1. When only C-alpha pairs under 8 Å and at least 6 residues apart count, what is the relative contact order of the chain, in percent?
2. Quick one: net charge of LEU90's neighbours, Cβ under 13 Å, K/R +1, D/E -1?
3. Which one, MET159, MET133, MET194, has the greatest fluctuation when you compute a Gaussian network model over the chain with C-alpha springs under 10 angstrom?
4. Explain nothing, just compute: Karplus ³J(HN,Hα) = 6.51 cos²θ - 1.76 cosθ + 1.60, θ = phi - 60°, for every residue of the stretch 162-173 in order, whole Hz, x for Gly and Pro.
5. Out of residues 5 or more away from ALA196 or on other chains, whose amide H comes under 5 Å of its own, with H placed 1.01 Å from N in the peptide plane?
6. Under 30 Å from the Cα of LYS126, which lysines turn up, not counting those fewer than eight places away in the same chain?
7. What is the distance, in nm, between label points placed 7 Å from the Cα along the Cα-to-Cβ direction at GLU208 and at CYS178?
8. Just how many % of Cα pairs in the chain lie over 33 Å apart, if you round to the nearest whole percent?
Amino acid sequence: MAEKKMIYLQPTAVRIWHWLNALGIVTLCATGAQIRFPEYFSIFGSYSSVISLHNTAGYVVVFSFFIWLIYYVFVARTMVKLYVPTVDDLQNGLLRQSIFYFFTFFLGGDNPHHPTPDNKFNPLQKTAYFVIMFILVPLVGVSGLLLLNVEPLSGLIIMFGGLKVLVALHYLVACCLCAFIFTHVYLATLGHTMIAHFIPMWTGWEEELEDHSDSHESH
Ligand code: HEM
């Protein structure tokens, strides 16, 4: 028999960071597309206005990144437990979760992962979020800040391999983040309803269906 249980999954600081970050990165991708391909996009007006919007969105992402970092490292102290994949996650969990997303989900099967505040992410989320939050967001932020201050930070830019390498890196990481958004939003719709994973990112609370007739993987 399925029973409903409410769990508090997304604390306020995480929700504020997430939506500021999402707004910032979506704006960065859209304005970045116009800056890079002005012949195809002209949604945000003149070149100087699109540049200012892009820079402002960059500051929003950097600022919100620190909300995320400070909250998980100093307040909740759950960064490592939540975000760093274990050897078992990498050896077995990734495959198990991919099989669910590619096959079992479409056959009406149960998600092998049941989130708890101490183990919110399935192995695929954990690995993807680790790469996004520890590598890609810091890289796009640092490269963006360097590109905003080319003259005063020219020494550091040379350490990165020069301006051309930095521009290429910034663009490549931005493309990865843009691709991530589409995958991330699609996978987030694969809950027990299409909006089941979106509700906790808004209210904090997730509705977990507990089936007492069979045994789940427990965390
Ligand atoms: C339109 C944009 C976005 C939407 C609709 C969205 C939606 C969601 C939803 C529903 C969740 C909770 C369920 C889940 O983990 O799948 C989530 C979590 C998360 N999202 Fe997004 N997202 C967006 C953009 C982004 C961006 C741009 C990033 C990073 C660059 C991001 C990073 C994350 C991370 C790291 C989590 C886990 C947060 C935590 O609990 O610590 N999201 N997102």
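A short reminder: the numbers here are calculations on the coordinates, not readings from a lab. All of these numbers come straight from a predicted model, not from anything done at the bench. All Cβ positions, glycine included, derive from the backbone under ideal geometry; neighbour counts span all protein chains shown.
1. 34
2. 0
3. Highest fluctuation of the listed residues: MET159.
4. Along the stretch 162-173, the couplings run x, 5, 5, 5, 5, 4, 5, 5, 4, 5, 5, 5 Hz.
5. Under 5 Å from the amide H of ALA196: GLY191.
6. Partners within reach: LYS4, LYS5, LYS81.
7. Output for this residue pair reads 3.8 nm.
8. Numbers: 6052 of 23871 pairs.
The share of Cα pairs beyond 33 Å in the chain comes to 25 percent.
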